[in-house]
Every structure is written in C-alpha cells, then in structure tokens.
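Heads up, the thing below is written out as structure tokens.
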Amino acid sequence: MPHPDDPPPDDAARRRRGVDQVPSVLGCVCAAVAVLYAPVLFGLAGIVLGVLGHLRGEPLGRWAALAAGAGMGAGTVLTLVLESVR
C-alpha cells in the first residue's frame, strides 16, 4: 500500500519503461545478425549488450545475451560448413 506522502506515479516514467530496454533489443538484433554476418563480432556485441541490459534490470537482457551466444555459435558453425563445401 502506498504511503500517503509518496508522490503519485509518473505517467512519463511508465511510458519510458518500454523504451528503456534499448541495450537488450540491440543485443537481440546483434544475435540475429551474428548468424549470417561476422558471428564473433556481432555475437560478442550482443552478449555485452544483453549483460548490460540485465545489469540494468531489463527483463529481456538475459535472453538477449543467451540469444547472442547461440547466434554466435550457429553463425560460426554455418560459416565453417559453408567454407568446407567450397
């Protein structure tokens, strides 16, 4: 129960909450790009962004870091398979 002296909830703060997950969303984008292009570069960038988001308390941060790691692994395997076919 809120204390009577607490200020009312700020509508702007409530709207910002969805936008505040920028590092995590960028981490997810890096995870997708890592599968097809420069897996080590984009995979590591996605992991760093996901961990940063997780440390900031973003719910998507942990999943972005895990997806970036998986994307980096999948991209590396895909690169090795395509290079061996050539």
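The values are calculated or read from the model by the stated rules, or taken from the named source; none is laboratory data. Note that the structure is a prediction, hence the values are computed from the model and not measured. Cβ: placed from backbone, ideal geometry, glycine included. Neighbour counts: every protein chain shown. Accessible surface is based on the protein model in full, side chains and every heavy atom, while ligands, DNA and RNA are left aside. Shrake-Rupley method; radii C 1.70, N 1.55, O 1.52, S 1.80 Å.
Return yes when Val25 is modelled with pLDDT of 95 or more, surrounded by 15 or more Cβ atoms within 10 Å (Cβ to Cβ) and either in contact with a helix residue (DSSP H, G or I) (Cβ under 9 Å, 6 or more places away or on another chain) or assigned to a helix (DSSP H, G or I) (or both) and no when it is not. Outline the logic, then answer.
On the way: modelled with pLDDT of 95 or more: no; surrounded by 15 or more Cβ atoms within 10 Å (Cβ to Cβ): yes; either in contact with a helix residue (DSSP H, G or I) (Cβ under 9 Å, 6 or more places away or on another chain) or assigned to a helix (DSSP H, G or I) (or both): yes.
Here the answer is no, as Val25 does not meet what is asked.
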Filtering the stretch 64-80 for residues that are over 13 Å from Cys30 (Cβ atoms) and open to solvent by 80 Å² or more (accessible area, probe 1.4 Å) leaves a count of 2
Matching residues in the stretch 59-75 - criterion: being in a helix (DSSP H, G or I) and out of contact with any Gly (no Cβ under 8 Å at 6 or more places or on another chain): Ala70, Ala74
Conditions: (1) modelled with pLDDT of 95 or more; (2) out of contact with any helix residue (DSSP H, G or I) (no Cβ under 6 Å at 6 or more places or on another chain); (3) not acidic (Asp, Glu). Ala68 meets all but one. Number of the miss? (2)
Gly50: open to solvent by less than 50 Å² (accessible area, probe 1.4 Å) and over 20 Å from Gly75 (Cβ atoms), yes or no? no
